[in-house]
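Structure first, then comments.
Each reported figure results from applying straightforward, stated rules to the coordinates on display, with no laboratory input. Here the structure is a predicted model, which means the values were calculated and not measured. For neighbour counting, all protein chains shown are included, and Cβ atoms are generated from backbone atoms with ideal geometry for every residue, glycine included.
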Amino acid sequence: MRIITSIFLFSSLLMVSIVQTGCNSDAQSKETEEPEEVASVPVEATRVSTGDISAFFTGTASLEAENEAVVVAKAGGIVEQIFVEEGSYVERGAALAKLDDERLLLDLARDRSMLQKAERELSRQKEFFDKQLISTEEYERFRTDYETQKAAYDLAELSVAYTTVRAPISGVISMRHIKVGNMVQTNQETFNITDFSPLLAVLHVPERELNKLKVGQEATLTVDAMPGESFTGRIKRISPVVDRATGTFKVTVEIRAHRNKLKPGMFGRVGIVYDTRNDVLLIPKEAVVAEDDNQNVFLVTDSLALRTPVTTGYSDERFVEIITGARAGDLIITTGQNNLRDSSIVEVINSPGSPIADNQ
């Protein structure tokens, strides 16, 4: 029994010794380990600057011509000549096509002969009337015959003139409907003429914007067909009524200086400047982190990225106005902020041509 008790006590002492040795080793190991370094996150940043920024109303519209005409034939006949083609620019009154006028010229010659005969007869009867050889009633009958013949001659002359199809407005031939040899009826469509200057963009604007827009305000137009290029215009007309069905009112923007690059039917995006603020705080749009209804930026202070709520104002394609939350010269993170937490350690690494020269 004593032997068993001795063995048990020896085993217990051995286990306690092993545990103490292990604990001492762990303690010594922890004391010798160096603390882990927290890696910094590379980001790009820029300084809060000051400048001017404008508020825009933006909308989409298809371009249309202010002046456009469908040219119709004022007389019937066979097309003998065509003087213009699609794409040709014509002045108002220019000849576009010529119809067969042989029969009308014969009618005109006949009416001219009859007019000359009536004119001679009236002249002779006037001499008799002046000598009181005929009554007033007889003289008036001859004068009426002359005026009737004169009207017939004028109509024949007008019919001959109508065989030449002429442009009612200045512009570009946008469509030709006839060919040489076609039989054209009176009032048949022959050409379309479009005046490319000015072109109009008609917007349907929500009624809440009514007090912001005024005739003469500057507008900017971009079209899908010419990316990267913009054109300037102004509001020409604003409808005085609101469409009850849609709750919108019509705003017509006039585009003039487009150097014939724009065409009717092009789809465009219009931005109308309705207010401008000068010398305000500006940051790039990409610097703002939106979360629900809150907007934040990350300010860099002593290599720490501090999440800071901001109040924003106007914005355009590149910049956002900062009303509260930042000051001029503050360093704002513009790239890499979406993966940051408040007080993250960062390293500002800007590419060449960065808007800031110093990182901190």
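What longest range of the chain stays clear of loop-exposed GluC sites (Glu not before Pro) (DSSP non-H/G/I/E/B, at most 12 other C-beta within 10 angstrom)? Here the longest run is 92-228. Calculate, for T50 and Q81, the FRET efficiency according to 1/(1 + (r/R0)^6) with r their C-beta to C-beta distance and R0 45 Å; round to the nearest 0.05. It comes out at approximately 0.10.
Over segment 101-162, the pair-distance histogram of Cα-Cα distances with 5 Å bins from zero comes to 4, 21, 22, 17, 13, 10, 7, 5, 2, 0 percent, rounded to whole numbers.
I'd like the antiparallel share, as a percent to the nearest 5, of DSSP beta bridges with both residues in the chain. Don't skip to the end; give the middle numbers.
On the way: 83 of 86 bridges.
Counting DSSP beta bridges with both partners in the chain, the antiparallel share is about 95 percent.
Taking the longest Cα principal axis of the chain as reference, the axis of helix 2-32 is set at about 40 degrees. Listed by chain and number, the aspartates and glutamates whose alpha-carbon sits under 18 Å from that of K263, ignoring those within fewer than 8 places in the same chain, are E64, E66, E68, E85, E86, D195, D224, E229, E254.
The fraction of all Cα pairs in the chain landing in successive 20 Å bins from 0 to the largest distance is 18, 25, 21, 16, 10, 6, 2, 1, 1, 0, given as whole percents. The tail of the calculated P(r) for segment 206-250 beyond 12 Å holds 67 percent of all Cα-Cα pairs.
Partner lysines whose Cα lies under 16 Å from the Cα of K236, excluding those fewer than 8 positions away in the same chain, are identified as K212, K214, K250. Comparing T136, A109, Y146 along the charge dipole axis of segment 101-162, the residue lying farthest to the positive side is T136, per the Cβ-charge model. Sort out for me the Cα centre separation of segment 59-87 from segment 255-322, rounded to whole Å. Between the Cα centre of segment 59-87 and that of segment 255-322, the gap is 44 Å.
Rounded to the nearest 500, the 222 nm mean residue ellipticity of the chain from helices alone is -8500 deg cm²/dmol, with -39,500 (n - 2.57) taken per DSSP H run of at least 4 residues. Normalised radius of gyration (Cα atoms, divided by 2.2 N^0.38 Å) for segment 58-203: 1.59.
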